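One structure is given below, encoded as structure tokens.
The values are calculated or read from the model by the stated rules, or taken from the named source; none is laboratory data. All figures in this text were calculated on a predicted structure; none of them were measured in a lab. When we count neighbours, we look across all protein chains shown, and the Cβ atoms used for this are built from the backbone with ideal geometry, even at glycine.
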Amino acid sequence: MVFARKRFGQNFLHDPQVIAHIVEAIDPQPDEALVEIGPGRGALTEPLLERCAALDAIEIDRDLAAELRGRLASRGLMLHEADALKFDFAALATSRGRRLRVIGNLPYNVSTPLLFHLLEARASIADLHIMLQREVIERICASPGSGDYGRLTVMLAPWVIAEHLFDVGPGAFRPVPQVWSAVARLRIRQTPEFAVDARYARVVSAAFSQRRKTLRNALRSLLDAEKIVACGIDPGARPETLSPTQFAALAAVVEAN
Ligand code: SAM
């Protein structure tokens, strides 16, 4: 038995109903390219392998990786002992000849950088089914004006159709975490819902780095109040009240550098 390592965010799923519910939501098909991030002790890996002929998995913990490879390689598991934050998802999609379906009860301590890393590889990804701390799932799926709406929501919005599927209580894991979790489905658009370029990230980061400030103040280094007004947006508004398309409108009038 390999003990849980806190630094890798290890809380292992052990509730059979929750596991079945997640696999049902994914509904894997035999010819798909599934990739699991952080398979741990294989709670999801094993039932997924029963539904599809093969599965790639990326695990950072060397002991868990060795144990899982030994147990499941003969059943179609291709285990990559690697850091998912540095993993080349595009290369894997190329070698599998199709876009990836990404799955993971993700390590909560790296959830935001991991989502941004996956977003960079979006052309190689069909969808994601992820379990995260419930607050993070609520942020991903939030509507403008709600308390959860922020940089993560707006950065994902052009590319992702997000659905909060269901919540999972702490008792489903060992060791028992302090927080509730939730599962979401993120479908990736191959063309963005609205046009964005690098200026979008600059505007969104600046806007939310100063959460309690008005747009006029938060965007001072990028846009003056007249330009904000010219976009039909009140410079006295707070960033969390703007829709993603309004951020795109602001980004379109920022000088490219
Ligand atoms: N999927 C298993 C389950 O549901 O029981 C384990 C989930 S546990 C919350 C997170 C897993 O991700 C652990 O196995 C951990 O070692 C692994 N992990 C943590 N950081 C990682 C990283 N940067 N890259 C790949 N795997 C990572």
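If you check 146, 95 for being under 25 Å from residue 207 (Cα atoms), more than 16 Å from the chain's Cα centre (by Cα), in the same structural domain as residue 18 (by TED's automatic domain parsing) and not aromatic (Phe, Trp, Tyr), only one passes: 146. Put simply, of 32, 36, 67, 50 the only residue that is of a type in the set (Asp, Glu), near the ligand (Cβ under 10 Å from one of its atoms) and more than 21 Å from residue 179 (Cβ to Cβ) is 36.
A quick yes/no check of all residues on (1) closer than 21 Å to residue 187 by Cα; (2) of a type in the set (A, V, I, L, M, F, W, C):
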position: 25; (1), (2): yes, yes
position: 47; (1), (2): no, no
position: 59; (1), (2): no, no
position: 63; (1), (2): no, no
position: 66; (1), (2): no, yes
position: 70; (1), (2): no, no
position: 75; (1), (2): no, no
position: 87; (1), (2): yes, yes
position: 100; (1), (2): yes, yes
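When you look at residue 59, is it among the charged types (D, E, K, R), within 10 Å of the ligand (Cβ to nearest atom) and touching a residue at least 12 places away in the same chain (Cβ under 8 Å), yes or no? When the stated conditions are applied, residue 59 passes them. Scan the stretch 183-215 for residues that are of a type in the set (Ser, Thr, Tyr) and either closer than 15 Å to residue 120 by Cβ or assigned to a helix (DSSP H, G or I) (or both) and the total you get is 3. Taking the numbered list (1) more than 26 Å from residue 174 (Cβ to Cβ); (2) in a loop (DSSP other than H, G, I, E, B) in turn, residue 90 passes all entries but (2).
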